[in-house]
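Everything on this sheet refers to the single structure shown next.
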Amino acid sequence: MSDIATLEVNGQKYDFPLIKGTENEVAIDIKTLRGATEGIVTIDPGYKNTGSCESGITFLDGEKGILRYRGYSIEDLAEKADFLEVAYALIFGDLPNKEQLDKFHTDIKANSIVDDDVKKIVDAFPKAAHPMGVLSSLTSALTAFNPSSVDVSSEEEMYNSVVKILGKFPVLVAWAMRKKQGLPLDYGDSSLGYVENILKMMFKQPNEEYVQNEILVDALDKLLILHADHEQNCSTSTVRIVGSSHAGLFASLSAGISALWGPLHGGANQAVLEMLEAIKEDGGDTKKYMAKAKDKNDPFRLMGFGHRVYKNFDPRARIIKTAADEVLADLGIEDPILDIAKGLEQEALNDEYFVKRKLYPNVDFYSGIIYRAMGIPVEMFTAMFALGRLPGWIAQWREMRLRKEPIGRPRQIYIGKNLREFTGINER
Ligand code: CMC
């Protein structure tokens, strides 16, 4: 294979180098295109064909259903690692040894107190506020309470910001949930593991001792690992592009949380459960909803189905489907919604519309069923996704800063009016 791509415009030829990744993915490097052609740019709405960066964090092959963080397979990580080890690997490049992991956890715990004044902000939100809006605001507000985390450039300053947000973000997630439930806001217990502490902060009742349930700890650990990174998706690209203006880590993450909220992205996990509930309420008629999803005049989509990159299967969905069976069995829960979900999947896998468009269940299709079995309210599902995605966002932001990437600033093709005469207000 040649390492040059040639573009011909109006009879003039331009050569561009091909660049190859470590897994042999190929890209045409068009950095010089606009200069060489005196103004021609590319256009690619939704960036379906555009690589925004070179990255050493996550590899995925959508045709083969492969997902790896830092070279480790998602199957191995979900089975053998815990969330904090995965977070460390994503951010710093390799799985930690015992000493590195202990130090990382100690530093996170030392930074897990949120200024008590933040509670006043939490109190100012109405109870009906969606937790994602609350979380995005609170994450941004943290910049005001931690000014030293705003302008960071050295690796040491970055590390301090990283452990701060890893310590404080779970507190904010727990507070967003407890506020809705009218429960007192709590700080958890620093003697616990990272995930155990999250569960305690979320579920501890003020008048009862909190008893850890190992099934829940394992289930949450796995879910967080499966959500921890997914290369240049919508929210991650948002974090990188906001960070590229040298906005601080917390401000960049706040923007990422907003991007994740949308139902085409992380918000799909809430939308899936609401859809499955609606199907159940409607008598379990999955065929009716399949027909709606295929009807081009109906805006309804089968939530939790389809993926921009996976065109064969989503490896995370496979792991989560098995986990859903196990967790529900372990907890002794029979949820009719799980049967509806499995029925819908079977129908879609045998339906020409879905097969032709390569639409398979994605990570969000079964995750909500596990969250619900764990006692997490539906409106909190996307916040749980954010909790899992946090290390991925951090790793991508840090990589972007360390690689000294330029500010993100796409071009456009203007299709508006040409120059026209200004008319005074009385002549319009
Ligand atoms: N139900 C019915 N039809 C669908 C669906 C669906 N869920 N997803 C895609 N299609 C159809 C779409 O109408 C289009 O048909 P046609 O070619 O006839 O116009 C074709 O499949 C290709 O769809 P697309 O919208 O061009 O594909 P995309 O890569 O732009 O969108 C997606 C990917 C994930 C946004 C989309 O599949 C979708 O909206 N899925 C439902 C929402 C969802 O589950 N999102 C979670 C994604 S995974 C986790 C995450 O990213 O956070």
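The values are calculated or read from the model by the stated rules, or taken from the named source; none is laboratory data. Remember, predicted model here, so these are calculated numbers, not experimental data. Virtual Cβ from ideal backbone geometry, glycine too; neighbours counted across all protein chains shown. Only protein heavy atoms, including side chains, enter the accessible area calculation; ligands, DNA and RNA are left aside. Shrake-Rupley method; radii C 1.70, N 1.55, O 1.52, S 1.80 Å.
Within segment 52-64, not a single residue is over 23 Å from the mean Cα position of the chain (by Cα), over 25 Å from Arg240 (Cα atoms) and either within 16 Å of the ligand (Cβ to nearest atom) or among the basic types (Lys, Arg) (or both). Annotation note: of Ala278, Ala291, the sole residue that is within 12 Å of the ligand (Cβ to nearest atom) and in a helix (DSSP H, G or I) is Ala291. Go through Lys31, Lys80, Lys64, Lys13 for me and flag whichever is closer than 21 Å to Val309 by Cβ and among the basic types (Lys, Arg). Only one candidate qualifies: Lys64.
Scanning segment 397-417 for residues that are under 26 Å from Ala251 (Cα atoms) and among the basic types (Lys, Arg) gives Arg398, Arg401, Arg403, Lys404, Arg409, Arg411. Across segment 96-127, the number of residues qualifying as open to solvent by 60 Å² or more (accessible area, probe 1.4 Å) and either part of a helix (DSSP H, G or I) or in contact (Cβ under 8 Å) with a residue 12 or more places away in the chain (or both) comes to 15.
Applying a threshold of 7 Å to beta carbon distances and a minimum spacing of six or more residues, or different chains, the list of pairs starting in segment 400-428 at a residue that is in contact (Cβ under 8 Å) with a residue 24 or more places away in the chain and ending at one that is loosely packed, with under 10 Cβ neighbours inside 10 Å and in a loop (DSSP other than H, G, I, E, B) reads Ile413/Ile43. Would you mind telling me which numbered condition in (1) closer than 22 Å to Ala129 by Cβ; (2) at pLDDT 95 or above Lys180 fails? Evaluating Lys180 over (1) closer than 22 Å to Ala129 by Cβ; (2) at pLDDT 95 or above leaves (2) as the failure.
Yes or no, residue by residue, for (1) more than 16 Å from the ligand (Cβ to nearest atom); (2) open to solvent by 50 Å² or more (accessible area, probe 1.4 Å):
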| position | (1), (2) |
| --- | --- |
| Val217 | yes, no |
| Ala251 | yes, no |
| Ala259 | no, no |
| Asn297 | no, yes |
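Across segment 48-67, not a single residue is classified as loosely packed, with under 13 Cβ neighbours inside 10 Å and in a helix (DSSP H, G or I). The single condition from (1) touching a helix residue (DSSP H, G or I) at 6+ places or on another chain (Cβ under 7 Å); (2) within 16 Å of the ligand (Cβ to nearest atom); (3) open to solvent by 10 Å² or more (accessible area, probe 1.4 Å); (4) of a type outside the set (A, V, I, L, M, F, W, C) that Glu196 fails is (2). Taking segment 303-324 as the range and being open to solvent by 10 Å² or more (accessible area, probe 1.4 Å), in a loop (DSSP other than H, G, I, E, B) and either in contact with a helix residue (DSSP H, G or I) (Cβ under 6 Å, 6 or more places away or on another chain) or of a type in the set (Asp, Glu) (or both) as the test, only Met303 passes. Here Ser2 does not qualify as of a type in the set (S, T, N, Q), farther than 30 Å from Tyr414 by Cβ and surrounded by 13 or more Cβ atoms within 10 Å (Cβ to Cβ).
Yes or no: Ile337 closer than 30 Å to Val239 by Cα, in contact (Cβ under 8 Å) with a residue 60 or more places away in the chain and either open to solvent by less than 20 Å² (accessible area, probe 1.4 Å) or within 12 Å of the ligand (Cβ to nearest atom) (or both)? In short, no. Taking the criterion of being small (Gly, Ala, Ser) and either more than 18 Å from Thr139 (Cβ to Cβ) or open to solvent by less than 10 Å² (accessible area, probe 1.4 Å) (or both), the residues of segment 220-249 that qualify are Ala228, Ser235, Gly243, Ser244, Gly248. Here segment 136-181 is the region considered, the condition is being of a type in the set (D, E, K, R), over 24 Å from Thr382 (Cβ atoms) and in contact (Cβ under 8 Å) with a residue 24 or more places away in the chain, and the residue that is most open to solvent (accessible area, probe 1.4 Å) is Asp151. In the set Val363, Val327, Val272, only one residue is within 15 Å of the ligand (Cβ to nearest atom), open to solvent by less than 40 Å² (accessible area, probe 1.4 Å), farther than 17 Å from Gly65 by Cα and of a type in the set (Val, Ile, Thr); that residue is Val272.
Taking the criterion of being farther than 27 Å from Asp339 by Cβ and more than 13 Å from the chain's Cα centre (by Cα), the residues of segment 241-285 that qualify are Ile241, Val242, Gly243, Ser244, Ser245, His246, Ala247, Gly248, Leu249, Phe250, Ala251, Ser252. When residues in segment 391-428 are screened for being open to solvent by 30 Å² or more (accessible area, probe 1.4 Å), β-branched (Val, Ile, Thr) and within 23 Å of the chain's Cα centre (by Cα), 1 of them pass.
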